[in-house]
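Just so it is clear, none of the values below were taken in a lab; they were calculated from the coordinates. Worth saying up front: this structure is predicted, and the values here are computed from it rather than measured.
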Amino acid sequence: MNYMFLPLQKYFEINGRSRRKEFWLFSLLSAIVAGVLGQIPLIGAIVSLAFIIPGWTVGIRRMHDVGKSGWFILIPFYNIYLCFIDSESGTNKYGENPKLQG
């Protein structure tokens, strides 16, 4: 459950790596919040705007986790593939493997 809210704690942080679990649980949280609050137009729009930046930053950190530049998040379809594959084992140029950190 902690992984779901971790991108909100790292709101503007693009350095480092994010696990698949963190990325997909935050995506699930965003979809649920958008579905529920989307029924109330003004509040839904404000919350959706608030979730854009952490969505980008967790995506960039996810690209770092597989050893790619954060710019790969902009490549359609390939970025989705990269979000599904396992992280690089050990340390890469973006930091230590988050799976090994606990």
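In vacuo Debye scattering of the chain, one point per C-alpha: log10 I(q)/I(0) at q = 0.16, 0.19, 0.24 Å⁻¹? These q points yield log10 I(q)/I(0) values of -0.66, -0.89, -1.27.
Computed from backbone phi with θ = phi - 60° and the Karplus coefficients 6.51, -1.76 and 1.60, the 3J(HN,Hα) list for the stretch 58-73 is 5, x, 5, 5, 5, 4, 4, 5, 8, x, 10, 5, x, 5, 5, 5 Hz; x is used for glycine and proline.
Residues whose amide H lies under 5 Å from that of GLY67, counting only those 5 or more places away or on a different chain, are GLU88; hydrogens are built 1.01 Å from N in the peptide plane. Phi-derived couplings, Karplus 6.51 cos²θ - 1.76 cosθ + 1.60 at θ = phi - 60°, listed residue by residue for the stretch 5-18: 9, 4, x, 6, 6, 9, 3, 10, 8, 9, 7, x, 10, 10 Hz, with x used for Gly and Pro.
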